[in-house]
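Taking it in order: structure first as structure tokens, then the write-up.
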Amino acid sequence: MRAYTPKNDVQKKSYYTDRYWVAPQVAKSAVSDDAVFEADLNAIKAKFDVSEAYIQVEQMVVYIKPEDLVGVLTLLRDECEYTQLSELSAIDWLAKQGQFELFYQMLSMTKRKRLRIKCFIDEDQAIESVSSLFRSADWSEREMYDMFGVKVNNHPFMKRILMPDDWQGHPLRKTYPLQGDEFASWYEVDRIYGKEARDVIGPEIRESAKVDRYDTERFSRLGYEVPFGAEPKAADAEKTPLAYQEEEGVFLIEKFDENDVVESAEFRKR
Amino acid sequence: MAQHQVNYSQDGGLPVALTTIDKVVNWGRSNSLWALTYGLACCGIEMMASGASRYDFDRFGTIFRASPRQSEVMIVAGTLTKKHAEFIKRLYDQMAEPRWVISMGSCANTGGMFNTYATVQGVDRVIPVDLYLPGCAPRPETLQYAVMMLQKKIRSEKAAKAQRPKRLM
Amino acid sequence: MQQPNRLRPFFENITFDREDNEMIVNFGPQHPSAHGQLRLMLHLQQEQIVKAHPDVGYLHRGMEKMAENMIYNEFMPTTDRMDYIASSSNNYGFALAVEKLIDVEVPRRAKVIRMMILEINRLMSHLFWLATTALDIGAMTVFLYAFREREYLMDIIEGYCGARLTHAAIRIGGVPLDIQDNFISELKAFLDKLPENIKDYEDLLDKNRIWLMRMEDVGVIPTDMALSWGCTGPMLRASGVAWDIRKEEPYELYDEVEFEVPFSDKGDNYARYKVYMQEMRESAKILYQTIDMYAETVANNQTELMAHAPKFISAPKLELMTQNYSLMQHFVLVTQGMRPPVGEVYIATESPKGELGFFINSQGGPYPYRLKLRAPSFWHTGILTDLLPGHYIPDVVSIIGTTNIVFGEVDR
């Protein structure tokens, strides 16, 4: 019987973690340490619910409710001078708490401050698009949908952006294996040649370090080649010499001599 | 898998004695290989560098053409992703015979460092390849060596009938 | 001979029963112009574009997912392949983000060397930009000249770290290697000739009638559109906002060097071109100053290259090979990976293309829980949706050229 591997998080895990080891935390400080951030936080708190706020690595992080997203971002853009949405994406916590954590990274150029707005949504909860506020969200939300399957309402063009249009599965979820599920591994063969070609072409070879000394068709015998189909003998390690051109030379083409070296340092003395 | 027409043994082991016409035709073909610019990723930059001022490609008679109809060798330089696989097959089909493919760089040979869901693990899953060029990214001189190898290979082929189709499936 | 396959002819451009005279042109993923794999579907009304739909993802290699399965040091060469024209700037962004997460201080000499490499990468990237944009517009001479300059820079970097294009020269905690003996002399020789070379390019292009016709008033990005679309870097600076992260949120030793930030308020192709050319000169200025700073570290005998943080960063090679505990710790760090504290960080640096940001959410494990790469070219490609309508087809090429898009970044 094979060992049970949980399927809700198939990413690589460290093979050993000390049982009583507690990971340290990156320092968080209270928002009151920074006057500018405090003013912004109060502006948000005045109209919306904030569940948590702190400063980490010189940037304020504010947790809000997903319903308030458009409102908070409008407030930040119009009143608090956060004119650019640098980035928006999601973090997959489906295994731990069945939710996605969205983050919106804002930048204020006049105040030279960066702010992160975060919220938690359920797996099938939809959010409102902020692309009417910031056009950069247009593509970011498409990418978020493509990679995580987060549903976004009122988006001008909600189609997959990085994966092909007919892809099944949301790659950045923790349940999606790095090397792709079965649909992914046969995608190009199915699309170009059809399912019948799967046997002809064969499965993908994903073992990067596989070396087979009897393999005359791949790269393992590089430099020590034998004729096609011949048996490589154990003791014959005859290196195939580098031969740039045929021995007798080619008509009108200058014979290439590898000992005829041009010093490139010559060209640097201008 | 790509069937191999590549002969791993040395020049002396040619199976066929070539006629003069073959020789002349092959000489012409090998020395005016027009390449299809298929720079997909970082190797494409090295391919451009190998065609630029220091490592010139024009001395091989190779000009980079953008259209598959006018080119003979497709140098696949860079990572082939599954989204793009369909298009490389289309472009390969649009090239006229005789045509050859050089797979440049680790990503085109075997998928390279990107052992992920979106990368085709080697261009030869989709199109038949004549020459594999390892490196990440291979130096421009390496690409030029590959072109010289391809020229040698072309000169050793039979020119009379159209190339035996390299059946991928 | 056609092998049997499933691909049917691609006739989506032609719909035979259209009432309006609109034609759809597919600017396919394989490009004659050198920018990578952009698929643009342009709806044309006679020759003018009425709708543009850029389609990206043809180079999506799954880097963010790779990061969730690799230790931090292992992921460094992958960041190289994002903006593959100036790879060390991606390396540096990632290294800086991790260093902020684990809170280590990089030694001074390493900072100076890092700045030198970063500015050399900026020059390489801008030269490449100039070469390919000029090539697209048709000025092939500039392509060859700029590549010649770029080759000298690549020689210098190759002498330093061994690789021309994908460097991995900057590691978490510093740099692994000290600069080689002829680095400074070759760099100085290059920098001395750079102003006349830039002047050559400007003489060829600045007042050239064809260049002006193709570049002036083409692709005007108003300031609010640039801000809304998340444009950063030269795109934003050419649209009127003088925002350069090196000046505003300085990292490394950028607050100790003097340089100016060129910006323009016109926002068209020509403005971007001028911003890039001027930035090359500013990079040369910075590099002269870093050469002096390096000499200063030699005089002050500050020779450390990697930060001292044994829990996260391996010891230097000399110590590794002679001290037992350093070797043991190095073994653990390489096999298991270093474990940063639990927390999140978003750090943005000024890469040659714009604001390159790394968002790392760590849960204390050796692999990042979530790594988001904020690539400037992603939104610079998105802006084409709003920018292209109203222009003609040749303008598309020049606009794509000046927006300096690299698809390794866009698709990751």
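The values are calculated or read from the model by the stated rules, or taken from the named source; none is laboratory data. Predicted, not measured: the structure shown is a model, and the values here were computed from it. Glycine gets a Cβ as well: all are built from the backbone with ideal geometry, and neighbour counts include every protein chain shown. Please note that ligands, DNA and RNA were not included when accessible areas were found on the heavy atoms of the full protein model with its side chains. Shrake-Rupley method; radii C 1.70, N 1.55, O 1.52, S 1.80 Å.
Only the Cβ atoms of Lys and Arg (+1) and of Asp and Glu (-1) were treated as charged; on that basis the dipole of chain C about its Cα centre amounts to roughly 1040 debye.
Pairs A:47/A:113; A:113/C:111; C:65/C:353; A:255/B:158; C:266/C:353; A:239/C:317: which are spaced more than 26 Å apart, C-alpha to C-alpha? Where the Cα-Cα span goes over 26 Å, the pairs concerned are A:239/C:317.
Ellipticity at 222 nm from helices only: DSSP H runs of n ≥ 4 in chain C, each -39500 (n - 2.57), divided by the residue count, give -15000 deg cm²/dmol. Between C:269, C:26, C:300, the Gaussian network model of chain C with springs among Cα atoms under 10 angstrom shows the greatest mean-square fluctuation at C:300.
By its C-alpha gyration tensor, with a ≥ b ≥ c as the square roots of the eigenvalues, how is region C:287-411 shaped: rounded for a/c under 1.5, else prolate for a/b larger than b/c, else oblate? It is oblate, given that a/c is not under 1.5 and a/b is not larger than b/c. What does the buried accessible surface come to for A and C, summed over both chains, with the probe at 1.4 Å? Round to 100 Å². It comes to approximately 5800 Å² buried between A and C. What the Cβ-Cβ distance of residue C:302 and residue C:74 gives, at R0 = 30 Å and to the nearest 0.05, is a FRET efficiency of 0.55.
Over region C:353-412, all Cα pairs binned in 5 Å intervals from 0 give whole-percent P(r) values of 4, 16, 21, 17, 13, 10, 7, 5, 4, 2, 1, listed from short to long.
For region C:348-371, heavy-atom accessible area (probe 1.4 Å) falls by no less than 40 Å² from the chain alone to the full protein assembly at C:359, C:367, C:369, C:370. Residues considered: C:361, C:73, C:324. Largest GNM mean-square fluctuation over chain C, using C-alpha springs under 10 Å, is found at C:324. Determine the share of region A:28-153's accessible area contributed by carbon and sulfur atoms, expressed in whole percent, with a 1.4 angstrom probe. Carbon and sulfur: 44 percent of the exposed surface of region A:28-153. Note on the protein assembly as shown: dipole from Cβ charges, positive end direction compared against B:129, B:147, B:111; the farthest Cα belongs to B:129. Computed from backbone phi, the HN-Hα couplings of region C:189-199 come to 4, 5, 5, 5, 8, 4, x, 6, 5, 5, 5 Hz, rounded to whole numbers (Karplus: 6.51 cos²θ - 1.76 cosθ + 1.60, θ = phi - 60°; Gly and Pro given as x). Ligands, DNA and RNA are left out, and with a 1.4 angstrom probe the accessible area of chain A is 55 Å² per residue. Derived scalar couplings between HN and Hα for region A:67-80 equal 5, 8, 3, 4, x, 5, 5, 5, 4, 5, 6, 7, 9, 9 Hz in order, rounded to whole Hz, by the Karplus curve 6.51 cos²θ - 1.76 cosθ + 1.60 (θ = phi - 60°), x for Gly and Pro. For region C:79-232, the relative contact order comes to 26 percent (Cα pairs under 8 Å, sequence separation of at least 6). Annotation for residue C:210 and residue B:70: the two label points, set 7 Å from Cα along the Cα-Cβ direction, are 1.6 nm apart. Summed over both chains, the contact between B and A buries some 3800 Å² of accessible surface at a probe radius of 1.4 Å. Backbone phi angles across region C:235-250, fed through the Karplus curve with coefficients 6.51, -1.76 and 1.60 (θ = phi - 60°), yield HN-Hα couplings of 4, 6, 5, 6, 9, x, 9, 8, 10, 10, 4, 5, 8, 7, 10, x Hz in residue order; Gly and Pro are listed as x.
Net length available on complete extension from residue C:335 to residue C:260 is 22.6 nm, with 0.36 nm assigned per residue and the Cα-Cα distance removed.
Label zone of residue A:2 (point 7 Å out along Cα→Cβ, amide N under 18 Å): in region A:166-195 this covers A:175-186. Please label the shape of the protein assembly as shown as rounded, prolate or oblate, based on the square roots a ≥ b ≥ c of the eigenvalues of the alpha-carbon gyration tensor (a/c under 1.5 means rounded; beyond that, a/b larger than b/c means prolate, else oblate). It is rounded, given that a/c, with a ≥ b ≥ c, falls under 1.5.
Counting protein heavy atoms only, chain C has 54 percent of its accessible area on carbon and sulfur, 1.4 angstrom probe.
Measuring nothing but how far apart in sequence close Cα pairs (under 8 Å, 6+ apart) lie, relative to its length, region A:28-153 scores a relative contact order of 21 percent. Taking 20 °C and 1.002 mPa s as conditions, chain C diffuses translationally at an estimated 95 µm²/s according to Stokes-Einstein applied to its Kirkwood radius (Cα pairs).
Relative contact order for chain C: 25 percent, from Cα pairs under 8 Å spaced at least 6 residues apart, divided by residue count. Taken across both chains, chains C and B shield about 3800 Å² of accessible surface from a 1.4 Å probe.
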